[in-house]
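What follows is a single structure, written as structure tokens, with notes after it.
The values are calculated or read from the model by the stated rules, or taken from the named source; none is laboratory data. Computed from a predicted structure; not experimentally measured. FYI the Cβ positions are ideal-geometry reconstructions off the backbone, even for glycines, and counts take in every protein chain you see.
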Amino acid sequence: MTLLATGLPKEEFDVRVIALHRGGHFAEQLKSSDIPVEILGKRLRFDPLAFVRLRKSLAAFRPHVVQSFLFAANSYVRLPGIAPRGCRIVVSERCVDSWKSGWQLQLDRRLVSRTDAMTVNSASVAEFYAEAGVPRSLIHTIPNAIPVSSSEYSRDEARAILGLQSHHKIVGFVGRLAEQKRLQDVVWAFQLLHQVVDDVRLVLVGDGPERDALAELATSFGCRQWVVFAGHREDASSLMSAFDVFVLASSFEGMSNSLMEAMSLGIPCVASHIPPNQELIHHEKTGLLCPTGSSPDLTKALARILNDPEFARRIGDAGQDLIQRDHAVPAMVEAYRRLYRTLASDTRS
């Protein structure tokens, strides 16, 4: 959202951002680009005060198009009386939301009549919502984008921050330590891996509800001393430069930003064989894919990359080329620009 808001041409679009809950890092980034940010301070699941504030804000601004992201915002903005008359409403879904309960999917279906377009970040997410009842004519697939940049840290600097040495072979993950990421499979794979690869370490950057359970699992496997729990880090993407291989074993995704960030840095990647990952990783060309839930297969793939530097370099370079070619920020912004212009020119009666 921040990449989009700051990327739209200022001479063509007047952009404002409204956050339901709170601000933070991205609010400051938006403000530094002269984009107004309003924080509504939503506290409850359905907060009447947030409804009133959102309606007042949109009534004062009277936008041609409102773009919302994720379930709460997608729901709020489509309720009757919230958006001004004639405003076009675009909702955005970012994941194969198999976590949604029946009432949430039912609400999504009921609000379709108040939806002018839905943007999704992968073909898999598009298929999920089409099967959930959203007309395919409303769905627009616009893949995630990653800015072309280099890591803030060198390899050695990132390793020093993590307490690791230059000779260590690092398997890394960045993301929320949540059930969908299937990090228990990664810990089990690492327990097998460290028996066949010397000086290997596992680094988990992020926090979440599975943190303690993963630490206990590593302890029970006898490999806890070789697993680094780095916690939540604002510099998480820069710490990736410490990795020799990135691993993503998720059971479902939309289009993983952390996977894209690792690929953009030329880090060879191993990921679960789910449709969203297949859109980024072409097996043995831009990375390696493994059956979801198979720790032995993860171990084999990780060992192959760590033991074959030439193969690792080749797939890392190919992955980096794919991100730079197919997931550039200007292309994403242009796709949204065209959609907004089309919707704005087709005024609602």
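Can you spot a residue in segment 34-44 that is in the same structural domain as Cys87 (by TED's automatic domain parsing), of a type in the set (A, V, I, L, M) and closer than 16 Å to Gly81 by Cα?
No, there is no match, as no residue in segment 34-44 is in the same structural domain as Cys87 (by TED's automatic domain parsing), of a type in the set (A, V, I, L, M) and closer than 16 Å to Gly81 by Cα.
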Leu239 meets each of (1) touching a His at 6+ places or on another chain (Cβ under 9 Å); (2) within 30 Å of Phe69 (Cβ to Cβ) with one exception, condition (1)
Checked against (1) among the charged types (D, E, K, R); (2) assigned by TED's automatic domain parsing to the domain that holds Ser256; (3) under 30 Å from His64 (Cβ atoms), Glu310 satisfies every condition except (3)
With the requirement that a residue be under 24 Å from Asp199 (Cβ atoms) and part of a loop (DSSP other than H, G, I, E, B), what does segment 210-241 give you? Gly222, Cys223, Arg233
Being surrounded by 16 or more Cβ atoms within 10 Å (Cβ to Cβ), closer than 26 Å to Trp188 by Cα, within 19 Å of the chain's Cα centre (by Cα) and without any contact (Cβ under 8 Å) to a residue 60 or more places away in the chain: is that true of Leu322 here? no
Members of segment 186-204 found to be under 27 Å from the mean Cα position of the chain (by Cα), of a type in the set (A, V, I, L, M) and either under 26 Å from Lys100 (Cα atoms) or in a helix (DSSP H, G or I) (or both), listed by number: Val186, Val187, Ala189
Is one or more of the residues making up segment 165-185 assigned to a loop (DSSP other than H, G, I, E, B) and in contact with a Leu (Cβ under 8 Å, 6 or more places away or on another chain)? yes
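Quick test for you: out of Leu322, Leu288, Leu280, pick the one residue that is assigned to a helix (DSSP H, G or I) and either at pLDDT 95 or above or aliphatic (A, V, I, L, M) (or both).
Numbers: Leu288 fails: assigned to a helix (DSSP H, G or I); Leu280 fails: assigned to a helix (DSSP H, G or I).
Of the residues listed, the single one that is assigned to a helix (DSSP H, G or I) and either at pLDDT 95 or above or aliphatic (A, V, I, L, M) (or both) is Leu322.
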Can you name every residue in segment 93-122 that is touching a helix residue (DSSP H, G or I) at 6+ places or on another chain (Cβ under 8 Å) and without any contact (Cβ under 8 Å) to a residue 40 or more places away in the chain? Asp97, Lys100, Gln104, Leu107, Asp108, Leu111, Val112, Arg114, Thr115, Met118
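Does Ser272 satisfy being at pLDDT 95 or above, more than 17 Å from Ser151 (Cβ to Cβ), crowded, with 21+ Cβ neighbours inside 10 Å and not aliphatic (A, V, I, L, M)?
Numbers: at pLDDT 95 or above: yes; more than 17 Å from Ser151 (Cβ to Cβ): yes; crowded, with 21+ Cβ neighbours inside 10 Å: yes; not aliphatic (A, V, I, L, M): yes.
The answer is yes for Ser272.
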Return yes or no: is Ala218 at pLDDT 95 or above and either over 27 Å from Asp97 (Cβ atoms) or in contact with a strand residue (DSSP E or B) (Cβ under 8 Å, 6 or more places away or on another chain) (or both)? yes
What pairs come out if I take residues in segment 70-82 that are closer than 14 Å to Gln104 by Cα and pair them with residues that are of a type in the set (Phe, Trp, Tyr) and surrounded by fewer than 19 Cβ atoms within 10 Å (Cβ to Cβ) whose C-beta lies under 7 Å away, six or more apart or interchain? Tyr76/Phe51
Phe173 passes all but one of (1) over 16 Å from the mean Cα position of the chain (by Cα); (2) not assigned by TED's automatic domain parsing to the domain that holds Val90; which number fails? (1)
State yes or no: is Ser295 buried (at least 19 other Cβ atoms within 10 Å of the Cβ) and under 20 Å from the mean Cα position of the chain (by Cα)? no
Tell me, please, whether a residue that is loosely packed, with under 14 Cβ neighbours inside 10 Å and part of a helix (DSSP H, G or I) can be found in segment 32-40. yes
Give me the pairs: first residue in segment 260-273 and in the same structural domain as Ala303 (by TED's automatic domain parsing), second residue surrounded by fewer than 24 Cβ atoms within 10 Å (Cβ to Cβ) and of a type in the set (D, E, K, R), beta-carbon distance under 8 Å, and six or more apart or on different chains, which are they? Gly266/Asp317; Ile267/Asp244; Pro268/Asp244; Pro268/Arg313; Ser272/Arg182
For the structure I just gave you, tell me whether Gly208 is closer than 27 Å to Val120 by Cα and in contact (Cβ under 8 Å) with a residue 12 or more places away in the chain. yes
Given (1) in a helix (DSSP H, G or I); (2) more than 21 Å from the chain's Cα centre (by Cα); (3) crowded, with 18+ Cβ neighbours inside 10 Å, where does Ala59 come up short, assuming only one miss? (3)
Looking only at segment 246-263, which residues are assigned to a helix (DSSP H, G or I) and surrounded by fewer than 24 Cβ atoms within 10 Å (Cβ to Cβ)? Asn257, Ser258, Met260, Glu261
